[in-house]
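Participant: If you scroll down you'll find the structure; I have some questions about it.
The values are calculated or read from the model by the stated rules, or taken from the named source; none is laboratory data. Worth saying up front: this structure is predicted, and the values here are computed from it rather than measured. Cβ coordinates were reconstructed from backbone atoms using ideal geometry, including for glycine residues, and neighbour counts include every protein chain displayed. Accessible surface areas use protein heavy atoms only, side chains included; no ligands, DNA or RNA. Shrake-Rupley method; radii C 1.70, N 1.55, O 1.52, S 1.80 Å.
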Amino acid sequence: MSSPYTRPGFYDEALAKGRHRDIVGGRWDETGRAQMAALLDHGLRPDHVLLDIGAGALRLGCKAVPYLEPGHYWATDASRALMLAGYAAELEARDRLDPMQLVEDADFGFDGVTDTITHAIAFGVFPHLESDAIAHCFNGLRRFAQLECLLLTVFLAPEGATIHRQNDGVVTHANRAPYHLSEAELYTMADAAGWRLIRDDRMLPRGQVMFRAEPLRASSSSPR
């Protein structure tokens, strides 16, 4: 079984039924709070410029837009229609966000996103995608010269595991959604793309694990 997000017509059918929240999973408020808390703990300030990768129906955006200075929230997702549904139905501070800053992007190219991004988050994105999506994201983000960090979440499993039951009961897989990978694989991928990873051991919904990724500058030789 592949990810439902890749099925033709998935977004259109769900949006037609008014299910923009369901598309991004349950625990709407809980997960949005967890995302915002993580960003604040990792130094996000109102004057920073945030990129919400895989933003969905703006579950995080509803909390980040009022906190950030106007125009300092940007979002990408495979479906712009889903982001616009969240913009219309969920976002109260619409005067602080130009909808043109909601950019459709399915391959982590980040075309059309401002060059001034300082912080990025990909929360609950990679479990739906094959592992090479993480490498594409790492490589795509290198164009942002002012980027300080990326927060990302993944499901981890022991090396070589094809099926693994997470602490929260979710069963993850090496070759189909929801996907997992080993911690060593993630570090290898980050190293190859020029990123330094730091594990964040906070408890997250469904047993995901968060990492802070920092781009290694040309003069940096910092260890993991």
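Participant: Quick check on segment 119-134: of everything there that is aliphatic (A, V, I, L, M) and either over 14 Å from the mean Cα position of the chain (by Cα) or in a loop (DSSP other than H, G, I, E, B) (or both), which residue is nearest to Leu197 (Cα to Cα)?
Facilitator: Out of the qualifying residues, it is Val125.
Participant: Got a sec? Which strands (runs of 3 or more DSSP E) wholly within segment 135-224 have at least 1 residues that are closer than 22 Å to Ala38 by Cβ and under 16 Å from the mean Cα position of the chain (by Cα)?
Facilitator: In segment 135-224, 149-154, 195-200, 209-215 are the strands (runs of 3 or more DSSP E) which contain 1 or more residues that are closer than 22 Å to Ala38 by Cβ and under 16 Å from the mean Cα position of the chain (by Cα).
Participant: Mind checking which pairs have a first residue in segment 194-222 that is among the aliphatic types (A, V, I, L, M) and a second that is at pLDDT below 95, Cβ under 7 Å, 6 or more apart or different chains?
Facilitator: Leu197/Arg224; Leu204/Ala34; Met210/Arg202; Met210/Leu204; Leu216/Ser222
Participant: Of all residues in segment 85-100, count the ones that are of a type outside the set (Ser, Thr, Tyr), crowded, with 19+ Cβ neighbours inside 10 Å and either more than 20 Å from Leu40 (Cβ to Cβ) or modelled with pLDDT of 95 or more (or both).
Facilitator: Filtering segment 85-100 down to residues of a type outside the set (Ser, Thr, Tyr) leaves 85-86, 88-100.
Add one more test, that the residue is crowded, with 19+ Cβ neighbours inside 10 Å, and what stays is 85-86, 91, 97.
Add one more test, that the residue is either more than 20 Å from Leu40 (Cβ to Cβ) or modelled with pLDDT of 95 or more (or both), and what stays is 85-86, 97.
Selection size over segment 85-100: 3.
Participant: Given Gly43, Gly32, Gly109, which one is part of a loop (DSSP other than H, G, I, E, B), surrounded by fewer than 22 Cβ atoms within 10 Å (Cβ to Cβ) and under 15 Å from the mean Cα position of the chain (by Cα)?
Facilitator: Gly109
Participant: Quick check on Glu13: is it open to solvent by 80 Å² or more (accessible area, probe 1.4 Å), modelled with pLDDT under 95, over 15 Å from Ala75 (Cβ atoms) and in contact with a helix residue (DSSP H, G or I) (Cβ under 7 Å, 6 or more places away or on another chain)?
Facilitator: no
Participant: Quick test of your reading of the structure: Asp115 fulfils all but one of (1) touching a Phe, Trp or Tyr at 6+ places or on another chain (Cβ under 9 Å); (2) surrounded by 17 or more Cβ atoms within 10 Å (Cβ to Cβ). Name the failing condition by number.
Facilitator: The number of the failed condition is (2).
Participant: Another question about this same structure. What residue, of Leu129, Leu151, is open to solvent by 20 Å² or more (accessible area, probe 1.4 Å) and in contact (Cβ under 8 Å) with a residue 24 or more places away in the chain?
Facilitator: After applying the criteria, what remains is Leu129.
Participant: Those residues that are farther than 17 Å from Val113 by Cα and either in a helix (DSSP H, G or I) or of a type in the set (Asp, Glu) (or both), I need them from segment 82-95; list them, please.
Facilitator: Residues satisfying the conditions are Leu82, Ala85, Gly86, Tyr87, Ala88, Ala89, Glu90, Glu92, Arg94, Asp95.
Participant: Report, by residue number, each residue of segment 59-81 that is at pLDDT 95 or above and in a loop (DSSP other than H, G, I, E, B).
Facilitator: Hits for segment 59-81 are Leu60, Leu68, Glu69, Pro70, Gly71, His72.
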